[in-house]
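Please read the structure below before turning to the comments.
The values are calculated or read from the model by the stated rules, or taken from the named source; none is laboratory data. Keep in mind that what you see is a predicted model, and the values were worked out from it rather than measured. Cβ placement follows ideal geometry from the backbone for every residue including glycine, while neighbour counts extend to all protein chains displayed. Heads up: the accessible areas ignore ligands, DNA and RNA and are worked out on the full protein's heavy atoms, side chains in. Shrake-Rupley method; radii C 1.70, N 1.55, O 1.52, S 1.80 Å.
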Amino acid sequence: MHDSVVRIFVGYDRRIHVASTTLAHSITEHSSVPVSVLPLNLRNMKDLFWRDTDPNQSTEFSFSRFLTPYLSGFSGWSIFMDNDIVFLDDIAKLWALRDDKYAVMCVKHDHNPTEDTKFLGEKQTKYEKKNWSSVIMFNNAKCSALTPEYVNSATGLQLHQFKWLEGDHLIGEIPANWNYLADYTTGVETPQAIHYTDGGPWYPETENTEHASKWFEAYRSANHCEVADLETLLEMTKRSETRD
């Protein structure tokens, strides 16, 4: 695929389909260039991803994200991002930041949460480079170490701390605007992509998280229908269920 098309791989978790579909809509709604959005659904990847569930992983895509370069044929650039994100700006602006001297590019967060748990009661793990891998721009040819065999056998820290690279000098930095951590990031006036890392607004427990309204705007837009509003569609869905 030519690099004029932005290749995007998004995290997918069967418990919250709504997150990845709303994210995909927010990307395409704001993009000025062609985009390809591919959800990393493990049910589609049984021949590529076979490792057992790690007790420390909080999502189904904790490790499958590192198959992005392989799925891209180790050519060109691709972007991976967690599903609990909403885009507010044109992804072409992020795509324009690609720099071939790096193997990966990301926001270099200094993220040290104090909580012991996060959404769905999952354990809050703490480690160096936490959340760096939640939005990654992969220069795929320079990420050839990420074969299915390696991704299925490496430890979580080896993967998320980029131990598969020759060194940190191959990690480029992108502005924090593109991975704004709700309720954590400071010093950013205009987020371009909001990451609800401690629980998305779709959870009743975190529906009032910072910038939750932006996600609900994207959700409503993603379910827009000119002939029936969202509430009507939900009522129609309920009526259909009773008929079935």
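Of the candidates Lys163, Lys214, Lys142, the single residue that is touching an Asp or Glu at 6+ places or on another chain (Cβ under 9 Å), outside any strand (DSSP E or B) and basic (Lys, Arg) is Lys142. Going residue by residue through the stretch 33-54, is there one that turns out to be in a loop (DSSP other than H, G, I, E, B), free of Cβ contacts under 8 Å to residues at least 60 places away in the same chain and either closer than 17 Å to Ala222 by Cα or basic (Lys, Arg) (or both)? Looking for residues that are in a loop (DSSP other than H, G, I, E, B), free of Cβ contacts under 8 Å to residues at least 60 places away in the same chain and either closer than 17 Å to Ala222 by Cα or basic (Lys, Arg) (or both), one finds at least one in the stretch 33-54, hence yes.
Applying the criterion of being at pLDDT below 95 and hydrophobic (A, V, I, L, M, F, W, C) to the residues of the stretch 1-41, the residue that is least open to solvent (accessible area, probe 1.4 Å) is Ile16.
The listed residues are Thr186, Thr155, Thr190, and the only one of them that is hydroxyl-bearing (Ser, Thr, Tyr), surrounded by fewer than 17 Cβ atoms within 10 Å (Cβ to Cβ) and in contact (Cβ under 8 Å) with a residue 12 or more places away in the chain turns out to be Thr190.
In the stretch 200-228, the residues that are on the phi > 0 side of the Ramachandran plot reach residues that are hydrophobic (A, V, I, L, M, F, W, C) and open to solvent by 40 Å² or more (accessible area, probe 1.4 Å) with C-beta atoms within less than 9 angstrom, at least six apart or across chains, in these pairs: His211/Leu88. Looking across Glu189, Glu235, Glu226, one residue alone is acidic (Asp, Glu) and not in a loop (DSSP other than H, G, I, E, B). It is Glu235.
From the list Trp164, Trp202, Trp215, pick out the single residue that is under 30 Å from Ala103 (Cα atoms) and either open to solvent by less than 30 Å² (accessible area, probe 1.4 Å) or touching a Phe, Trp or Tyr at 6+ places or on another chain (Cβ under 8 Å) (or both). Steps first, answer last, please.
Working: Trp202 fails: under 30 Å from Ala103 (Cα atoms); Trp215 fails: under 30 Å from Ala103 (Cα atoms).
When all the criteria are applied, what remains is Trp164.
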